[in-house]
Amino acid sequence: MFKRNKKKDIVVAPEGSFRDIWRALIKNKRAVVGLIFIVVLVFVAIFADKIAPFGMTEQNLSNALQHPNGTHLLGTDALGRDVLSRILYGARVSVTIGISAVIISLFFGGIFGLLAGYYGGKVDTVIMRFTDILLSIPSILLAIAIVASFGPSLMNLILAIGIGGIPSYTRIVRSAVMAVREKQFIEAAHAIGLSNTSIMIKHIVPNVLSPVIVQATMGVASAILSAAGLGFIGLGIEASVAEWGTMLSLGREHIRTHTYLTVYPGLAIMLTILAFNLLGDGIRDAIDPKMRD
């Protein structure tokens, strides 16, 4: 059941087959569609300045509020900026916010959950009471308070969304750690004299990654949606920077006569969130042997 590392004489937990998980994932058509969309989105985000037909802030007032045409495929906004170009640049901003916010949430939430689940007792009580305090405040209201206090900027937006996501990762990691720490291979690691830090890093963490990966994948979608919501109410980043929520906010002034100003950014947000959710569901089903065909 266990493998023994002859060089270090360490008992390690059996490893799952990444190949089996990948095979199960690519059999899920919806997950594959989500994965392809995300790959394209990341590619667009990286090379937006090469792909976009116009600059992000390039404007021409003589071309303001033009409906989609041969030159401006998705039309122009009130300042004559190309909507398609700003959506492409907005992908870079949204992907940056989503991934960065999840990294912050996962880093701090993972550490708190690992310590709380492994040590229990007073450590668990203190960490979980702090988590309960954060949970008592809706994450969107916490983000609004942080951005309103420190001002709208990309970094403040990332920090606000990242801090709001810490409690959920803390609870997920804590639950997973509490289930793993009672396993026989953990007892064996204690028996051969490994330190708590070594056990947590080498044996606990690898065995709690599955639910964390699923949550992180869906967390990116939630972070992008939160960023769009904050941008829509004017608490995102500077209006000159292309961000989908901010584009929606600017376009609502002309929603009756120029609906494309809100339709296209809205579609970008919807499709991105859908893609991450489809991929997250696919990863969850692939990791769970009971869900495999």
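The values are calculated or read from the model by the stated rules, or taken from the named source; none is laboratory data. Computed from a predicted model, the values in this text were never measured in an experiment. With ideal geometry, Cβ positions are generated from the backbone for all residues, glycine too; neighbour counts draw on all protein chains shown. Ligands, DNA and RNA are excluded from the accessible area calculation, which covers all protein heavy atoms including side chains. Shrake-Rupley method; radii C 1.70, N 1.55, O 1.52, S 1.80 Å.
To the nearest µm²/s, what D does Stokes-Einstein give for region 138-293 at 4 °C and 1.567 mPa s, using the Kirkwood radius over alpha carbon pairs as Rh? Don't skip to the end; give the middle numbers.
Details: Rh = 18.2 Å.
Once the numbers are plugged in, D ends up at 71 µm²/s.
Do me a favour and compute the ellipsoid semi-axes for the chain from its Cα gyration tensor, root of five times each eigenvalue, largest one first, whole Å.
One finds semi-axes of 43, 23, 14 Å for the chain.
Using per-residue counts of other Cβ atoms within 10 Å, averaged over each peptide, order 269-280, 223-234, 57-68, 177-188 from highest down. Working shown, then result.
On the way: 269-280: 20.2, 223-234: 22.9, 57-68: 13.8, 177-188: 15.7.
Going by the mean number of other Cβ atoms within 10 Å, highest first, we get 223-234, 269-280, 177-188, 57-68.
Would you grab the residues whose amide H sits under 5 Å from the one on residue 66? Only those 5+ places off in sequence or on another chain, please, with H modelled 1.01 Å from N.
HN-HN under 5 Å from residue 66: 76.
Let me make sure I get this right: for region 34-134, a, b and c are the square roots of the gyration tensor eigenvalues over alpha carbons, sorted descending. Under 1.5 in a/c it's rounded, otherwise prolate if a/b > b/c, else oblate. Which is it?
Details: a/c = 4.93, a/b = 3.07, b/c = 1.61.
Verdict is prolate for region 34-134.
Given 4 °C and 1.567 mPa s, how large is the Stokes-Einstein diffusion coefficient of region 13-85 in µm²/s, with Rh as the Kirkwood radius over Cα pairs?
85
Please identify the DSSP H helices in the chain that span no less than 24 Å along the helix axis (Cα) and have a mean Kyte-Doolittle hydropathy of 1.6 or more.
Working: long enough: 29-46 (26 Å, 2.59); 83-119 (53 Å, 1.55); 209-232 (34 Å, 1.55); 260-287 (40 Å, 1.19).
Taking the DSSP H segments of the chain (at least 24 Å long, mean hydropathy at least 1.6), we get 29-46.
Tally up the carbon and sulfur contribution to the accessible surface of the chain as a whole percent, 1.4 Å probe, everything protein left in place.
On the way: 10100 of 15530 Å².
Reported share for carbon and sulfur atoms: 65 percent.
Please report how many Lys pairs in the chain have alpha carbons closer than 25 angstrom, counting only residues at least 8 apart along the chain or sitting on separate chains.
15
How big is region 235-292 in terms of Cα radius of gyration and Dmax, in angstroms?
16.9, 52
Please work out the average accessible area per residue across the chain, using the 1.4 Å probe convention, and give it in Å².
53
Run through region 216-293 and list the trypsin sites (Lys or Arg not before Pro) located in a DSSP loop whose Cβ has at most 10 other Cβ atoms within 10 Å.
In loop regions of region 216-293 (DSSP not H, G, I, E or B), the sparsely surrounded trypsin sites (Lys or Arg not before Pro) are 256.
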